[in-house]
Structure formats: structure tokens, C-alpha cells
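Novice: Please find one structure pasted underneath; my questions will follow.
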Amino acid sequence: QRKHQEIRAMRSQLKKIEDLGAAMEEALILDNKYTEHSTVGLAQQWDQLDQLGMRMQHNLEQQIQARNTTGVTEEALKEFSMMFKHFDKDKSGRLNHQEFKSCLRSLGYDLPMVEEGEPDPEFESILDTVDPNRQVVGPFIFIFQSIMDGHVSLQEYMAFMISRETENVKSSEEIESAFRALSSEGKPYVTKEELYQNLTREQADYCISHMKPYMDGKGRELPSAYDYIEFTRSLFVN
């Protein structure tokens, strides 16, 4: 935010340059041997820099809000940002659809491999989520081709990843609450007997084979007790 304010404070200097440029034009001095830059070009570059600053500030605010209110960890946010930068080869601040798909695969999304030109409904569904306007445009897409550039911005990407991660957090909490309801007095572990009493044999067998033994505060393993909290959270790592 401070850097963006510094950039905006420089607008007054650009105004001086524009006034000098206008005075030169009035005096019919059209060539300036001291610089290659025009006042119009400088104004355009300043506008682009100002817009970039606004986008970056919005993205940071978005990440801070996600960390504070949605349960998305700072480590997850860093991973999302790092992956975006890795696939943003031209440093444009956006990904084309193929780069976006590769980025999602690197983050653990199991997207099917399809031949070029073949329908890809699963990925298309994700694109519709990232850009809801795709669904509205429908048969009138030819009108909007100049607007819909086939890219995903950093802001759109982060919003999508945060929403998916939030869904995982909520689902994790729901499953954790269900296990807590199975355990007597809401303990942070569930016993072998409680699993077989409340689940099918196949479900109980699966839980017992995948859950770690529960360790108390002194690092001692409780007999026939399983750590359902660690088990549940491990399911939603990706």
C-alpha cells in the first residue's frame, strides 16, 4: 500500500511534464533531442503501473482476508501464489488456459488428459467457476470474443483457489465433528469399539488401517485409541 501511495504521489510530477509538453507543442517544438519518451507514452506507462499497484494491493488484501476469516493457511496461500508465478512464464500476471490447467495439476487436481480439440467438461466446469460470465454469454460468445481473452488473472485464480480451499476446510470440520460425536464425551480420539459400533465393518476396518494411534500429552500411546483429527485433516491436504 505504501509503494502504491508513492506511485500515486508522483502523478504531480507527470502533470508538470505534460504541461511542459503542451507548452512545447504550442511553440511548435515537436522534437525533443533530450529524450525518446513522449508525454502520452509516459502517461500510459504511469496508468499501467497504477493499475498494477491496485491489482497487487487487492490481491494482498484478498489473501489477508482469506487467512484471517476462511481458515486457509498462510502456507497454502504461499503455495498458490508460488505456483501461479511458476506457470506465468511471460510475467504478465495472468495464465492462459493451458498454463492454468498445468498449474492446477501441479496443485494436485486430477484432471483427465484429453486430445487437443476434444471436449474437456471437467476443466470447462472449472473455467465457468473462475469466470461465471462464460455461462451467461452462451451462444452470443462471438460478440464477446474481444473481451474474453482466454486468460485467468492472478485475482481470479486466487479467488478460485481460496474458495476451493474453504470448501475443504468446511468439509474437514464436518467430518471431524462426526468422529467427535462417535467418541464418548467428545474426546480427541475414537476407540476401536466405538468405530465398530457406529460404522460398517468395512468402514471401521478402513479407519483403523489408516488412522494413527492416539498419543496423550506425555507421548504415550493409548490402547485401542485412534487419532481421528490427524486422520481427517490428512484427507484434505490437497
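The values are calculated or read from the model by the stated rules, or taken from the named source; none is laboratory data. Just so it is clear, the structure is predicted and the values come from calculations on it, not from any experiment. Don't worry about glycine lacking a Cβ; one is built from the backbone with ideal geometry, like all the others, and counts go over all protein chains shown.
Novice: Can you tell me how many residues within region 209-238 are farther than 13 Å from VAL190 by Cα, of a type in the set (Ser, Thr, Tyr) and surrounded by 11 or more Cβ atoms within 10 Å (Cβ to Cβ)?
Specialist: Summing the residues that are farther than 13 Å from VAL190 by Cα, of a type in the set (Ser, Thr, Tyr) and surrounded by 11 or more Cβ atoms within 10 Å (Cβ to Cβ) in region 209-238 gives 1.
Novice: Do any residues in region 123-140 that are surrounded by 10 or more Cβ atoms within 10 Å (Cβ to Cβ) have Cβ atoms under 9 Å from those of residues that are of a type in the set (Val, Ile, Thr) and at pLDDT 85 or above, where the two are at least six apart or on different chains, and which pairs are they?
Specialist: LEU127/VAL152; VAL130/VAL152; ASP131/VAL152
Novice: Restricting to region 56-67, give me the number of residues that are polar (S, T, N, Q) and either surrounded by fewer than 14 Cβ atoms within 10 Å (Cβ to Cβ) or at pLDDT 75 or above (or both).
Specialist: Number of matching residues: 2.
Novice: Also: Of the residues GLU176, GLU202, GLU194, which single one is over 13 Å from PHE231 (Cα atoms), touching a residue at least 12 places away in the same chain (Cβ under 8 Å) and not assigned by TED's automatic domain parsing to the domain that holds LEU52?
Specialist: So the residue among GLU176, GLU202, GLU194 that is over 13 Å from PHE231 (Cα atoms), touching a residue at least 12 places away in the same chain (Cβ under 8 Å) and not assigned by TED's automatic domain parsing to the domain that holds LEU52 is GLU194.
Novice: Listed residues ILE208, ILE143, ILE147; which is modelled with pLDDT under 80, over 24 Å from the mean Cα position of the chain (by Cα) and among the aliphatic types (A, V, I, L, M)?
Specialist: It is ILE143.
Novice: While we're on this one: Filter region 35-44 down to the residues that are more than 38 Å from the chain's Cα centre (by Cα) and either under 21 Å from SER12 (Cβ atoms) or among the aliphatic types (A, V, I, L, M) (or both) and list them by number.
Specialist: Matches in region 35-44: THR35, SER38.
Novice: Among the listed residues GLY108, GLY93, GLY53, GLY41, which satisfies the condition of being modelled with pLDDT of 80 or more and buried (at least 16 other Cβ atoms within 10 Å of the Cβ)?
Specialist: When all the criteria are applied, what remains is GLY93.
Novice: Can you tell me which of (1) over 18 Å from GLU156 (Cα atoms); (2) in contact (Cβ under 8 Å) with a residue 24 or more places away in the chain is the one ASP120 doesn't meet?
Specialist: Result: ASP120 passes all but (2).
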